[in-house]
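Just below is one structure, and these are the notes that go with it.
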Amino acid sequence: MSNNIFIAGEQSGTYLAPGPVTEADILHMAHKLARRRLAKGRVLDAPSKTFEALQTLLQECEHEIFAVVLLDNQHRILRFEQLFRGTIDAASVYPREVVKLALTCNAAAAIFVHNHPSGDPEPSRADLAITQRLRDALNLVDIRTLDHVVVGLEGCVSLAERGQI
């Protein structure tokens with residue numbers, strides 16, 4: 001990133017740059033803002049903002065990434081963690097590792113997220129199957145599964161919004 005520093009503007013959510021800004025600078029700032037929206041202690045009260053942050057972080061990846069957002073009882077973020085990295089069309093997801101992390105964080109709920117490098121966010125049968133396995137595993141230790149979000153260049157698909165959780 002160049003030496004430009006973005007400065008908060010007079011209106012909330014606006015930023016100023018004192019000099020030329022490159023595309024890399026803009027992408028870097030977008031990733032920082034997306035990470036901030038998923039930072040520990042933030043309340044997830046607007047699904048659309050959560051989807052935007054997840055899409056910003058994952059849409060450009062050339063391989064599948066599977067991540068989890070762990071939440072407390074008030075839906076405050078405890079942790080956002082990218083757990084598994086796969087190939088261009090698949091990622092191996094291990095429920096044991098998801099449960100272990102959720103218990104370590106003392107999570108009350110979880111949101112799963114992964115990207116489709118093809119750009120099409122339509123969930124596959126494998127996506128639905130792993131969602132069920134993860135939900136069942138977390139249910140055994142009283143952790144709720146709130147959603148599984150599939151990210152693509154064309155947008156995000158929420159399995160919860162489709163009634164598939």
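The values are calculated or read from the model by the stated rules, or taken from the named source; none is laboratory data. Since this is a predicted model, take the numbers as computed values, not measurements. Cβ sites come from the backbone with ideal geometry, for glycine too, and all protein chains shown count toward neighbours.
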Original post:
If you go through the range 99-107 one residue at a time, do you hit one that is in a strand (DSSP E or B) and touching a strand residue (DSSP E or B) at 6+ places or on another chain (Cβ under 6 Å)?
Top reply: no
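On the given criteria, is residue 52 surrounded by 11 or more Cβ atoms within 10 Å (Cβ to Cβ), over 20 Å from residue 154 (Cα atoms) and without any contact (Cβ under 8 Å) to a residue 24 or more places away in the chain? Walk me through it before giving the result.
On the way: surrounded by 11 or more Cβ atoms within 10 Å (Cβ to Cβ): yes; over 20 Å from residue 154 (Cα atoms): no; without any contact (Cβ under 8 Å) to a residue 24 or more places away in the chain: yes.
No, not satisfied.
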Subject >> In the range 135-165, the residues that are among the aliphatic types (A, V, I, L, M) and under 16 Å from the mean Cα position of the chain (by Cα) >> reply: 146, 149, 150, 151, 153, 157, 159, 160
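From the list 67, 53, which residue is in a helix (DSSP H, G or I), hydrophobic (A, V, I, L, M, F, W, C), under 11 Å from the mean Cα position of the chain (by Cα) and within 28 Å of residue 29 (Cβ to Cβ)?
Values: 67 fails: in a helix (DSSP H, G or I).
Exactly one of 67, 53 is in a helix (DSSP H, G or I), hydrophobic (A, V, I, L, M, F, W, C), under 11 Å from the mean Cα position of the chain (by Cα) and within 28 Å of residue 29 (Cβ to Cβ), namely 53.
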**OP:** Select from the range 84-97 the residues that are out of contact with any helix residue (DSSP H, G or I) (no Cβ under 6 Å at 6 or more places or on another chain) and among the aliphatic types (A, V, I, L, M) and write down the one among them that is modelled with the highest pLDDT.
**Re:** 91
